[in-house]
1. Looking at region A:245-271 only, could you name the residues that are more than 19 Å from the chain's Cα centre (by Cα) and over 19 Å from A:Val63 (Cα atoms)?
2. What about A:Val166, is it open to solvent by 10 Å² or more (accessible area, probe 1.4 Å), part of a strand (DSSP E or B) and within 12 Å of chain B (Cβ to nearest Cβ)?
3. Every residue in region B:158-175 that is modelled with pLDDT of 90 or more and open to solvent by 60 Å² or more (accessible area, probe 1.4 Å), please.
4. Picking from A:Gly123, A:Gly150, A:Gly94, A:Gly142, which residue would you name as being within 12 Å of chain B (Cβ to nearest Cβ), closer than 22 Å to A:Ser193 by Cα and not in a helix (DSSP H, G or I)?
5. So B:Gly149 ticks every box in (1) free of Cβ contacts under 8 Å to residues at least 24 places away in the same chain; (2) assigned to a helix (DSSP H, G or I); (3) open to solvent by 10 Å² or more (accessible area, probe 1.4 Å) but one. Which box is left unticked?
6. Cβ-Cβ under 6 Å, sequence separation 6+ or interchain: first residue in region A:249-275 and open to solvent by 80 Å² or more (accessible area, probe 1.4 Å), partner modelled with pLDDT under 95 and assigned to a helix (DSSP H, G or I). Which pairs?
7. With (1) buried (at least 18 other Cβ atoms within 10 Å of the Cβ); (2) within 22 Å of A:Phe50 (Cα to Cα) as the list, and A:Asp236 as the residue in question, which single condition is left unmet?
8. Name, by its number, the condition in (1) part of a helix (DSSP H, G or I); (2) buried (at least 21 other Cβ atoms within 10 Å of the Cβ); (3) more than 11 Å from chain B (Cβ to nearest Cβ) that does not hold for A:Pro89.
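The values are calculated or read from the model by the stated rules, or taken from the named source; none is laboratory data. Being a predicted model, the structure only gives us computed values, none of them experimental. All Cβ positions, glycine included, derive from the backbone under ideal geometry; neighbour counts span all protein chains shown. The accessibility values were calculated without ligands, DNA or RNA, using every heavy atom of the protein model including side chains. Shrake-Rupley method; radii C 1.70, N 1.55, O 1.52, S 1.80 Å.
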Amino acid sequence: MTLTVTRRALFVIATSAAMMGLAHADQLDDIRKKGELVVGVLGTDEPNSFVDPKTREIVGYEVDLAKAVAQKLGVKLKLKQLAVAARIPELQQGHVDLLAASLTHNKEREAVIDFSLTTFVTGQKVLVKKDSGITALNQLAGKKVVTVKGGTQEPNVRKAVPSVEVVTFDTGPQAFQALQQGKGVGFVNDEVSLLDQFAKLGPAAAQYEILPANLSVEPLALGLRKGETKLKAQVDGALRELEANGTAAQLFNKWYGPTTRLKFQTRSFKIDSDQVEG
Amino acid sequence: MFFPDADVMPELDFTPLLHGQFLDWLAAGVRLSLTLTVLALVLALPLATGVALARLAPSAPFAPLRWLATFFIEAVRNVPLLAHMLFWYFAVPELLPDGLKARLYAGNVEAAAALAALVVYTAAYMAEDIRSGLRSVPAGQWEASRALGLGFIAALRWVVLPQALRATVPPLISQTLNLWKNTSIATVVGAAELMYQAQRVESASFRGFETFALATATYLGVSLLITALGALYQHRFPARPAAH
């Protein structure tokens, strides 16, 4: 994962000269011409995108959404696995056409990329070990928490608890491993990811708990390069169709519903808006 | 298409990075990178010397010592540094007794694990450089000193090491250069060195190009400084072939 960063940094530098003054055709036309939609996913964030241990394929809620978009465009879907911190740069550099990577839609990011309709809404929370004695956010003051590099988790927890110490890792599972070993008192992540990891613990889950307070509410959306209005219209169109014909609700049930580890009883959102609150 | 649109690329602008919190983060990263380099160098040198001497020890009573040193060097050099980092962070501390572990985890375990990985990794490479420096001193020098009645240690201290030093310092400086660059791998275990902080600034500022350009310039600047020191040493103390 570090290599990705280094390679990316080198690439940016090596091609910086070529970047200037280079205009190109519409991205939607390019995608249709090459017959392939390249979608950046995490592959480490169950159930949004993760590697199915049986088939070794990347599957998940966001992968199914990406499939629907590719189908709508009439092209093949190609998934590309990305580190959390690499998502926006990879999109900006054109290495992926679309992000379906547990991406929070917020105002800061609107300055650099565009977003589809909101595809999921989750809160961000903190998972702690019970024996740490921590039961509320303010008790994290001066303590060390772990999380993922390059997401909204770090800024959100620093905003909620200014004196908290934060150590970040390339993937969620690595950060979670650090928490399990006691290298931090809390693990900050999207609630759905925490619930999933919590469920995966099995009997050991009794030693952990998720603090009830939300650090923030995170609307997740697909990410697009800025100004690709034709592509955005198609992507949003595909999502609207999923909502209208009930597929979106089915997908929610398939990955988050009562029969899954996460056991969400109801869906608290609809895929119908690309607006977020500041 | 490979390149982003010109109209979508923001203009290059370093000003947001050169003051306020972003600069503080980057400066903290540079400080930790430099600290890791200096500490790892200071700790790796004696370890490397010990390992090199163990590999060169007379085989009669010291054969196991030689095997151990050879095993250490091969085992360490043939595993990527990234794996060393993860091993020292995720695996080694778990083997410690609980009390010690709790104390370690309460402190900066990220930097400590990174330092351990860098020391061991650098020492293995430096040991080989020191060994070849010692071997560059002709066997006649050893034999002559032993004939004069000097023991192993005394021959090493007064005859061989002074000659070997000149041949050894240039490759050691080059290893120091590698060490400086290798500190960037510590980002995978959450040690807040320059690469870690650069990534943090990138995520917060969306100025990836500028951030990594600054980080690159810093790595390059310090590297050139180390190279210049090496050149200066070689100019001032050129390696002289020992008399036969």
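1. Scanning region A:245-271 gives A:Pro258, A:Thr259, A:Lys263, A:Gln265, A:Thr266.
2. Criteria met by A:Val166.
3. The answer is B:Trp158, and nothing else.
4. Every option except A:Gly150 fails the conditions.
5. Single failed check for B:Gly149: (2).
6. So the pair list comes out as A:Arg261/A:Ala199.
7. (2)
8. The failed condition is (3).
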